[in-house]
Amino acid sequence: MAKSPPVFRFAPSPNGRLHLGHALSALTSAQLCTRFDGQLLLRIEDIDLTRCRPEFEQGIDEDLAWLGVRFDGAVRRQSEHFDDYRSALARLQEMALVYPCFCSRQDVKLAVARREAETGKPWPRDPDGAPLYPGSCRDLSEKERDERMAAGEPHVLRLAMDRALASANLSCPAFAYSVFDASGDEQRIAVDPARWGDVVLARKDVPTSYHLSVVVDDAIQGVSHIVRGRDLEAATDIHVVLQRLLGLPTPLYHFHRLLADETGQKLAKSRQSPGLADLRAQGVTPAEIRRQLGFT
């Protein structure tokens with residue numbers, strides 16, 4: 001039986017214009033896809049209906065076409081597939097692995113400050129530097145949860161990480177996923193999902209999160225190889241847990257370097273890093289971008 005070609009994807013969010021960091025990711029995906037004779041899909045990750053806008057998606061199309069990155073098949077827009085994420089979330093709820101949390105960010109901040117004052121020790125942080133959720137709503141009675149949700153109180157839905165790890169049989173520290181390099185060689189990377197605590201899987205007004213939607217989309221699209229920046233390497237632990245819980249395949253991963261500005265900070269839309277459109281307006285060519293990023 002012939003082996004299926006590998007499937008890669010590039011998945012930007014239309015909440016701003018693409019910058020050089022996105023160009024590096026897109027070009028790396030395209031290069032590895034060509035090297036392994038695969039398919040490259042485009043996915044628009046637009047679950048944030050407040051910040052994502054059609055004009056930014058159009059800008060993404062223009063930037064990628066100018067850069068010379070071509071895609072196979074139809075574009076998948078997450079905003080058109082909320083039912084897929086609701087279904088996955090419902091499965092986790094049926095497994096009693098999800099609970100509503102009514103804490104605002106300020107509530108969490110104050111709870112952590114109280115714990116630190118009581119213990120005299122710093123509260124644990126996740127790999128992104130945010131304090132772990134202290135579990136204020138984990139032990140609410142079912143009656144109180146139902147009443148508060150029925151009253152329309154704002155809330156998020158969190159994954160009970162300890163129960164998830166036990167259910168997914170991920171308590172073994174040797175559990176790992178595979179990463180691949182440009183030559184196709186693979187190595188195993190151990191996961192430590194507990195360092196993220198009870199992560200948010202959905203919100204009252206948005207039935208999903210980045211973590212949940214990305215693993216569902218990758219499975220539905222048959223993605224076998226994922227190229228992402230090293231800033232998402234730690235978050236892959238969460239994705240492996242969700243894949244195991246939902247019975248989804250775990251793709252191979254490749255983590256590329258990050259680009260920094262003159263201050264040493266990672267390029268980001270939130271810091272108004274110069275976009276590809278800005279560079280194009282200055283007369284920079286796609287060939288110059290490729291050379292600058294190390295693509296011949």
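A short reminder: the numbers here are calculations on the coordinates, not readings from a lab. These figures come from a predicted structure and were not determined experimentally. Cβ sites come from the backbone with ideal geometry, for glycine too, and all protein chains shown count toward neighbours.
Which of rounded, prolate or oblate describes the range 138-276 when judged by the alpha-carbon gyration tensor and an a/c cut-off of 1.5?
Oblate.
Could you work out the relative contact order of the chain? I mean the mean sequence separation of Cα pairs under 8 Å and 6+ apart, divided by the number of residues, in percent.
Relative contact order for the chain comes out at 23 percent.
What's the extension gain from K121 to A74 if we count 0.36 nm per residue and subtract their Cα-Cα distance?
11.8 nm
Residues of the range 116-141 with the amide nitrogen closer than 16 Å to a label point 7 Å from the Cα of S104, along Cα-to-Cβ, please.
none
Could you work out how far the C-alpha centroid of the range 151-212 sits from that of the range 218-284, in angstrom?
When both Cα centres are located, 16 Å separates them.
Which residues in the range 183-212 place their backbone N less than 19 Å from a point set 7 Å from the Cα of L140 along the Cα-to-Cβ direction?
Label zone hits: 198-209.
Please give, to one decimal in nm, the separation of the simple spin-label points placed at E233 and M95, each 7 Å out from Cα toward the Cβ.
2.7
Under 8 Å for C-alpha pairs, at least 6 residues apart: give me the relative contact order for the range 54-161, rounded to a whole percent.
Across the range 54-161, relative contact order equals 33 percent.
Between the DSSP loop rule and a limit of at most 15 other Cβ atoms within 10 Å, which trypsin sites (Lys or Arg not before Pro) in the range 209-296 are left?
R257
Report the gain in length on full extension from D37 to N15: 0.36 nm times residue separation, minus Cα-Cα distance, nm rounded to one decimal.
4.8 nm
Please state the charge dipole magnitude for the chain, taken about the Cα centre, from unit charges on C-beta atoms (+1 on K and R, -1 on D and E), reported in debye and rounded to the nearest 20.
Charge dipole of the chain: 320 debye, to the nearest 20.
Can you tell me the FRET efficiency between A130 and I189 if r is taken as the Cβ-Cβ distance and R0 is 25 Å, rounded to the nearest 0.05?
Computed FRET efficiency for A130 and I189: 0.65.
Among the lysines, which have Cα under 17 Å from the Cα of K121 when same-chain residues fewer than 8 positions away are ignored?
List returned: K109.
How much mean residue ellipticity at 222 nm does the chain get from its helices, if each DSSP H run of length 4 or more adds -39500 (n - 2.57) and you divide by all residues, to the nearest 500 deg cm²/dmol?
-11000 deg cm²/dmol
Gain in length, R114 to Q221, computed as 0.36 nm per residue apart minus the alpha-carbon separation, to one decimal in nm?
Here the answer is 34.0 nm.
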